[in-house]
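Down below is the structure, laid out as structure tokens.
The values are calculated or read from the model by the stated rules, or taken from the named source; none is laboratory data. Remember, predicted model here, so these are calculated numbers, not experimental data. Glycine also receives a Cβ, built like all others from the backbone with ideal geometry; neighbour counts cover every protein chain displayed. Keep in mind that these areas ignore ligands, DNA and RNA; they rest on the heavy atoms of the full protein, side chains included. Shrake-Rupley method; radii C 1.70, N 1.55, O 1.52, S 1.80 Å.
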Amino acid sequence: MDPAAPILIFDSGVGGLSVLAPTRALLPNVPIVYAADSAGFPYGIRSDAELAARVPAILGRLVERFRPRLAVIACNTASTIALDHVRAALDLPVVGTVPAIKPAAERSRSRVIGVLGTEATVRQPYVDELTARFAADCTVLRHGSSKLVALAEAKLGGAPIDPAAIAAAVRPLLDQPGGERMDTLVLACTHFPLIAEELAVALPGVEFVDGSLGIGRRIAYLTRGQP
Ligand code: DGL
């Protein structure tokens, strides 16, 4: 393994920074390349066909250019649609980011959990499968919000965030039948841990679950023993 070979972290925007942070904490010395497809942002409002073609093509070009030891798709939208295509096309380990429904179902006492992602993510069959496999005895409320993605980007750009805008964006989740009993929420978009504090104000008493720490651990495991 070339010690200069980086870990490639990819997202449509700044969301992958929520995966970068635990990865950097676990692997302080490994070079990391962070790539954002800002020309394609936001992914959440694009069609499945468009993303299934775009994501593998971009990752192919990034891998050619940076020769990473491992690639991370730090985006639930891209992972739930294109992870298999990317793995089939690339000859290196690829770590995806998919909604943390399993740990959320393990933690929920009320048996009502939410999945907050992008519009594209929450409609994916992949989410149906995770729900059937790990949360069959739960009511699973889904909501996609590109507004929250835009607010997270704005926050990282230094703009003030209006709490009323956050509250309005999560309201459709609470308005679904059973919404008032939701005690656990999957942050199924890597942008959302970046606005977790603001979301907590809008959703008091709801525990948030996201996969970023687990992904950091997975990356550390897959690169163990490497220089
Ligand atoms: N950060 C991405 C995700 O996890 C999506 C943001 C976007 O809509 O581009 O789904």
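Overview of values
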item	result
Condition met for Leu116 (free of Cβ contacts under 8 Å to residues at least 24 places away in the same chain and within 13 Å of the chain's Cα centre (by Cα))	no
Matching option when the condition is of a type in the set (Val, Ile, Thr), closer than 13 Å to Ile7 by Cα and more than 15 Å from the ligand (Cβ to nearest atom), among Val95, Val72, Val63, Val112	Val63
Per-region count, the stretch 136-153, residues in contact with a Ser or Thr (Cβ under 8 Å, 6 or more places away or on another chain), hydrophobic (A, V, I, L, M, F, W, C) and under 30 Å from Val14 (Cα atoms)	2
Selection from the stretch 37-58 of residues that are more than 16 Å from the chain's Cα centre (by Cα), open to solvent by less than 50 Å² (accessible area, probe 1.4 Å) and within 12 Å of the ligand (Cβ to nearest atom)	Gly40
Residue count, the stretch 14-31 (criterion: of a type in the set (A, V, I, L, M, F, W, C), farther than 16 Å from Leu70 by Cα and buried (at least 21 other Cβ atoms within 10 Å of the Cβ))	2
Any chance Asp84 is more than 12 Å from the ligand (Cβ to nearest atom), open to solvent by 20 Å² or more (accessible area, probe 1.4 Å) and farther than 28 Å from Arg224 by Cβ	no
